[in-house]
C-alpha cells in the first residue's frame, strides 16, 4: 500500500511498482491509510509523513498499537534528524527522504521484505522452477521462459508458499490490487497459463492450489 496525499506522486509510484510486478493499493490521507492498513493484509506500507486528517507518524503508531507488524517505509520531504527520529520512534522500519531515486526505493523495499524471512531469498527454487527475484527471470527445467508481470507475481507467491495450500482469496489479496476488477475465474485463467509453461500446480478441490 502507498499512502501519499500528492496524487501525481502516488500514481507515479503505483505505475513504477506495478511494472516491477507488485500489486499496489493507494490511500490519499492518513485516515484512509490507517483504515486499509488495519483491515487488509499487506506485505509492505509506503507511508508519507505529511498527510491530511492523520499524519504518517500517527498512522504508524496506531497500526503498531493494533499489533500490526507490516513493514513500514516512511516517505517524506523532511530530512531533518528530528523528523527521522519521530518516524522511527512511531514504529517505522525505514525512512527515505524525497526526492529519492526509484532504484533506491526498490532496494529498500526488497530489504524490508526480506527481513521477516531472515534470509536473503533472491533465488526461489521449487521442483523444476527457479526464479531470480533481482533479475526478474524464471527458468523451468533450466530453460528461461517468457512470463507476464501478473504471471510472475502469481508464481512468486506460489514459490514463497511452496508445499502450502493457498486459496483463491489469498492469491487475489496478494497479487491483485484492492480495487481490481477480478472475475470469478481470473485466478483459474492465470494458473492455467503457468501450467502451460510446465509449472506443476495442483488443484486441491474445495481449498485452492499447491505448488510442490
Task: Single condition residue 130 does not satisfy, out of (1) surrounded by 12 or more Cβ atoms within 10 Å (Cβ to Cβ); (2) modelled with pLDDT of 85 or more; (3) in a helix (DSSP H, G or I) - done: (3)
TODO: With the condition kept exactly as written, say whether any residue in region 49-60 is under 24 Å from residue 156 (Cβ atoms) and in contact (Cβ under 8 Å) with a residue 24 or more places away in the chain.
DONE: no
Open item on the list: Tell me yes or no: at least one residue of region 79-93 is within 21 Å of residue 28 (Cβ to Cβ) and at pLDDT 80 or above.
Closed with: yes
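Residues checked against (1) surrounded by fewer than 16 Cβ atoms within 10 Å (Cβ to Cβ); (2) in contact (Cβ under 8 Å) with a residue 60 or more places away in the chain; (3) in a helix (DSSP H, G or I); (4) assigned by TED's automatic domain parsing to the domain that holds residue 142:
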{"position": "164", "(1), (2), (3), (4)": "yes, no, no, yes"}
{"position": "170", "(1), (2), (3), (4)": "no, no, yes, yes"}
{"position": "183", "(1), (2), (3), (4)": "yes, no, no, yes"}
{"position": "190", "(1), (2), (3), (4)": "no, no, yes, yes"}
{"position": "194", "(1), (2), (3), (4)": "no, no, yes, yes"}
{"position": "198", "(1), (2), (3), (4)": "yes, yes, no, yes"}
{"position": "202", "(1), (2), (3), (4)": "yes, no, no, yes"}
{"position": "206", "(1), (2), (3), (4)": "yes, no, no, yes"}
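The values are calculated or read from the model by the stated rules, or taken from the named source; none is laboratory data. None of these values were measured; they are calculated from a predicted model. A quick note on method: Cβ atoms are made from the backbone with ideal geometry, for glycine too, and the neighbour counts reach across all protein chains shown.
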